[in-house]
Amino acid sequence: MFEWLVFGMLYPAYYSYKAVKTKNVKEYVRWMMYWIVFALYTVIETITDQTVAWFPLYYELKIAFVVWLLSPYTKGASLIYRKFLHPLLSSKEREIDDYIVQAKERGYETVVNFGRQGLAFAATAAVTAAVKDFWLTPAPLLQPV
């Protein structure tokens, strides 16, 4: 697990920072491709960790794969991005964009509805507490004036 964090996240994050800092476009593109591939890898890994983690050398193969993705000699992330992900994303870009817009709209509507329900619940709770307090509190004895 520690190796995965160092090789998969910290090392690339640091070199991404350096690429942005130096404004080196070539390195910037390289690390952007890595992060896109790594995001897909993380999604797939979440599933495979639960289904094939029993496989001998599974964790060692994961580490080797991340090193292969990172290596400037193998250019694994660039290869996967250029051969598979870029063509796939390009062909599905319109559908993905439409889905994201719909998800944002539904997300906004959900937050607004949740907020309304929360306010209604809070108002009901406040009124209920006030009514209970009113009926349960003994009335003060009236003093003659």
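The values are calculated or read from the model by the stated rules, or taken from the named source; none is laboratory data. Bear in mind the structure is a predicted one, so any value in this text is a computation, not a measurement. For neighbour counting, all protein chains shown are included, and Cβ atoms are generated from backbone atoms with ideal geometry for every residue, glycine included.
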Does region 69-76 contain at least one residue that is surrounded by 10 or more Cβ atoms within 10 Å (Cβ to Cβ), modelled with pLDDT of 80 or more, of a type in the set (S, T, N, Q) and part of a helix (DSSP H, G or I)? no
Can you tell me which condition Tyr34 does not meet? The list is (1) of a type in the set (Ser, Thr, Tyr); (2) modelled with pLDDT of 90 or more; (3) farther than 18 Å from Leu85 by Cβ; (4) surrounded by 15 or more Cβ atoms within 10 Å (Cβ to Cβ), and all the others hold. (3)
Note down all Cβ pairs under 8 Å where the first residue falls in region 41-58 and is surrounded by 11 or more Cβ atoms within 10 Å (Cβ to Cβ), the second is of a type in the set (Lys, Arg), and they're at least six residues apart or on different chains. Glu45/Lys62
Is it the case that Glu109 is at pLDDT 70 or above, part of a helix (DSSP H, G or I), within 26 Å of Leu10 (Cα to Cα) and among the acidic types (Asp, Glu)? no
The one condition Arg94 fails out of (1) modelled with pLDDT of 85 or more; (2) closer than 30 Å to Gly8 by Cβ is (2)
